[in-house]
Amino acid sequence: MAKLYFYYSTMNAGKSTALLQANHNYRERGMATLVYTAAVDVRGGGRVHSRIGIGANALAYDAATDFFAAARELRAAPAAGCVLIDEAQFLVESQVRTLGRIADELDLPVLCYGLRTDFRGRLFAGSAALLGWADSLVEIRTICHCGRKATMVVRVDANGAVEADGAQVEIGGNERYIPLCRLHFEAAHSNGRL
C-alpha cells in the first residue's frame, strides 16, 4: 500500500537533492513520475534544482492546483512510479488531503519535501497539514555553525541583521536564510544578529 511521506528540514539540508535522487531512482527503473514545485518560487524557472548543481523539469503548483487528475493519468501509465512535491510547505490543507487520497485510492506513493518552520519558528500551513496527515515523517538533517543539528532558520537583511517580522513567504537562498540550532536561533533573535 502506498504512503504519503513528508521529508522536512530547515534550509540547506538537501531536500531538493533527496527529491531529485528519488526521481532518478524511479526513472532509472523505467517508472513514470510527476514532479511539482511551488509556483511562488520563481527562482526555479519550472525546475527543481539543488545547490549541488543537479535539477529536473517540474510542473508548477499553486493553491488552486488539483493533483488528483494528473495522478490518475499517471496511475493509468504502464509503469506508474510516484508523485514528488518540492517546496511542500506552500501546499494548502485541502491539497495535503488530496495527496493522501492519491496514496490511498490510487495506490501511488507521494513524496513531499519542504520546510517545517519559517524564520520565526512558526509552522507553515502546508507543513502543519503534512505533519498531521502524512503516513511517514522523515527529518533531513543539516548542521548549525556550532556543529549541532540545525532545526531552525533565521532570515537576515543585506547587513546581516536578523529579521523578526515580515511576510512569512519571501523567496531567497543562502544570502537571506541561515540554518541554526535552537540555542543559536534564540540568541540571534535576542541579539538581532548572528
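Please work out if Ser190 is of a type outside the set (A, V, I, L, M, F, W, C), part of a helix (DSSP H, G or I) and free of Cβ contacts under 8 Å to residues at least 24 places away in the same chain. Criteria met by Ser190. Taking the criterion of being among the charged types (D, E, K, R) and in contact (Cβ under 8 Å) with a residue 60 or more places away in the chain, the only residue of region 108-119 that qualifies is Arg116. Of all residues in region 125-178, those satisfying the criterion of being within 24 Å of Ser94 (Cβ to Cβ), at pLDDT 95 or above and assigned to a loop (DSSP other than H, G, I, E, B) are Ala134, Asp135. Does region 148-156 contain any residue that is surrounded by fewer than 19 Cβ atoms within 10 Å (Cβ to Cβ), without any contact (Cβ under 8 Å) to a residue 12 or more places away in the chain and not polar (S, T, N, Q)? No, region 148-156 contains no residue that is surrounded by fewer than 19 Cβ atoms within 10 Å (Cβ to Cβ), without any contact (Cβ under 8 Å) to a residue 12 or more places away in the chain and not polar (S, T, N, Q).
Of the numbered conditions (1) surrounded by 14 or more Cβ atoms within 10 Å (Cβ to Cβ); (2) under 27 Å from Cys144 (Cα atoms), Tyr36 fails exactly one; give the number of that condition. So the condition that Tyr36 fails would be (2).
Scanning region 63-107 for residues that are closer than 22 Å to Asn25 by Cα, among the small types (Gly, Ala, Ser) and free of Cβ contacts under 8 Å to residues at least 40 places away in the same chain yields Ala70, Ala71, Ala76. Checking each residue in region 1-28 for being in contact (Cβ under 8 Å) with a residue 12 or more places away in the chain, among the charged types (D, E, K, R) and surrounded by fewer than 22 Cβ atoms within 10 Å (Cβ to Cβ) picks out Lys3, Arg27.
The values are calculated or read from the model by the stated rules, or taken from the named source; none is laboratory data. No experiment lies behind these values; they were computed from the predicted model shown. Counting neighbours? That spans all protein chains shown, and the Cβs are built from the backbone with ideal geometry, glycine included.
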